[in-house]
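Take a look at the structure set out below.
Coordinate-derived values only; no laboratory data. Keep in mind it's a predicted model, so treat the numbers as computed, not measured. Glycine gets a Cβ as well: all are built from the backbone with ideal geometry, and neighbour counts include every protein chain shown.
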Amino acid sequence: MIILVFLGSLLAAMAIGMPIAYALLVSAVAMMLQLGLFDSQIIAQNLIGGVDSFPLMAVPFFMLAGEVMNRGGLSRRIIDLALSIVGHKSGGLGYVVIISATLLSAISGSAIADAAALAALLVPAMVAAGHQPARAAGLVASSSIIAPVIPPSIGLVLFGVTANVSITGLFLGGIVPGVVMAMGLAVTWYYLASKEKVVLPERASGRTILINARRAGWALLMPVIIIVGLKLGVFTPTEAAVVAAVYSIFVSVVIYRELTLSALLDVFVAAAKSTAMVMFLVGAAVVTSWLIVIADLPVMLGDMLEPLVGSPQFLMFVIVVIVLLVGTAMDMTPTILILTPVLMPIVREAGIDPIYFGIIFIITNSIGLITPPVGTVLNAVTGVTKIKMEDVIRGANPFLLAHTAVLLLLLLVPQIVTLPVSWMQ
């Protein structure tokens, strides 16, 4: 009965257009009333205590770095470099999208930030060259969801905090799968682009490539600093977020000089607003998660999945299907915060590597960002490009299949994740 109360109240609140954070609180109150435990102090304590976490301090700093990246010229320089290297090749603009998205993923950690930047800068160029608008927008949306997988990733931070798993290990574990996702997109784009006739940009000279490489060098150095620093133990993931924010501000203000001190205030305000939304969502999810534990829902789900514990690989398939279904109706952050405490006891009992599970879990949630009806990244691309949602969905479908194929590959061959992690650690 308590499961029906939870799901019914949550879905009903979302159906009337209530923001997901408030919908989670409504479902928490409904469960409290059902259990006879209603107490406003419990809600307040969990709401505040849920965000009182040192590792979660990485979220605002990574968000600040992402805002600075887009407004301070780092994003544009990376895109210019990719454009000068492969833009002249057949389907070159599509490869520019994929390469740029992969590189930006190593800076921002936010799929929506990358989607907004790429959609604004590259979709008009692809359409002008003769590519179908829907396909161009679909490629941008599908490339942007690499961001939650490659470090620094806000999704990996949230999972690590919620599951009590090493965030550094998750960061190191996301590198290879993120690159494999990019390769899957490149193969799919190669097949699709071969059927289109477009006007290609002129081949950039070697001098132009060197100039763009020099201009983008400072931006490309940031992910190197973060990964090397984490691997050598120079700083923690939270400290890495501070380094990323300070470095991006220094480069944008002092070196590139595209971000004035007055404009920097707007960047801080925008990052603060984004952080407030995420943190309130985290707090609301913690309230709901606490009640889920009190109501023994993890035990109930564990009893349902108990027969699969002896077959870890099949259990992973079932969990992936569940998360994919949830991802069609719920955004990434609440899905992580709600399902992680429910699934982790089962995962540990089955002997599944927590870091491997975390990477698969985040990839599956990332795919949910481009699946309707919610599809947060789809909405972001639609808002920037003014292309109809149904057209963007149609354009993203081939790349959605590519991501699903990569996910299946990682399920069948876990060593793609586990071996690089063991080597890098």
In degrees, nearest ten, helix 58-71 long axis to first principal axis of the chain (Cα): 30
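How big is the equivalent ellipsoid of segment 260-368 along its three axes, where each semi-axis is √(5λ) from the Cα gyration tensor, reported in whole Å from largest to smallest?
Working: eigenvalues 218, 52, 25 Å².
Taking √(5λ) for each eigenvalue gives 33, 16, 11 Å, largest first.
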For q = 0.29, 0.30, 0.31 Å⁻¹, Debye-computed log10 I/I(0) when each Cα of segment 174-216 counts as one equal scatterer: -0.85, -0.87, -0.89
Residue of 354, 177, 307 that the Gaussian network model of the chain assigns the largest fluctuation, springs spanning Cα pairs under 10 Å: 307
Two-decimal Rg/Rh across segment 329-387, once Rg and the Kirkwood Rh are taken from alpha-carbon atoms: 1.12
In Hz, Karplus ³J(HN,Hα) per residue of segment 120-135 (6.51, -1.76, 1.60; θ = phi - 60°; x = Gly, Pro): 6, 8, 10, 4, x, 5, 5, 5, 4, 6, x, 6, 5, x, 5, 5
C-alpha center-to-center spacing [segment 120-171, segment 10-50] in angstrom: 30
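Given the chain, what count of lysine pairs have C-alpha atoms under 27 Å apart, with each pair 8 or more places apart or on different chains? Working shown, then result.
Details: 89/195; 89/197; 195/386; 195/388; 197/386; 197/388; 273/386.
Within the chain, the lysine pair count is 7.
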Pairwise label distance in nanometres, residue 348 with residue 18, each label 7 Å out on the Cα-Cβ vector: 3.2
GNM result for the chain, Cα springs below 10 Å: residue of 66, 217, 174 fluctuating most strongly: 217
Loop-exposed chymotrypsin sites (Phe, Trp or Tyr not before Pro) per DSSP, neighbour cap 16 Cβ within 10 angstrom, longest uninterrupted part of the chain: 39-234
Two-decimal log10 I(q)/I(0) for segment 39-424, as the Debye equation yields it once each C-alpha is a single scatterer, q = 0.08 Å⁻¹: -0.40
Quarter of the Cα convex hull surface for segment 1-157, i.e. its orientation-mean projected area (nm²): 12.0
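Calculate, in nm to one decimal, what residue 37 and residue 422 gain on full extension: separation in residues at 0.36 nm each, minus their alpha carbon distance. Could you put the intermediate results ahead of the total?
On the way: separation 385, 0.36 × 385 = 138.60 nm, distance 4.52 nm.
Here the segment from residue 37 to residue 422 would lengthen by 134.1 nm.
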Relative contact order [Cα under 8 Å, 6+ residues apart], the chain, whole percent: 26
Potential extension, residue 386-residue 405 segment - 0.36 nm per residue separation minus Cα distance: 3.9 nm
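Pop the C-beta distance of residue 210 and residue 183 into the FRET formula with R0 = 25 Å and round what comes out to the nearest 0.05.
On the way: r = 26 Å, r/R0 = 1.06.
Efficiency, from the Cβ-Cβ distance: 0.40.
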Charge dipole (segment 39-424, unit charges on Cβ, about Cα centre) - positive-most of 272, 84, 358: 84
GNM top mover of 257, 215, 77 - the chain, alpha-carbon springs below 10 Å: 257
Computed E for residue 45/residue 328 - FRET, C-beta separation, R0 35 angstrom, nearest 0.05: 0.60
Debye equation applied to the C-alpha atoms of segment 45-113, log10 I(q)/I(0) at 0.20 Å⁻¹: -0.81
Sorted by Cβ neighbour density within 10 Å, fewest at the top, the residues 32, 279, 63: 279, 32, 63
Added length on full extension, which subtracts the Cα-Cα distance from 0.36 nm per residue, residue 314 to residue 276: 9.8 nm
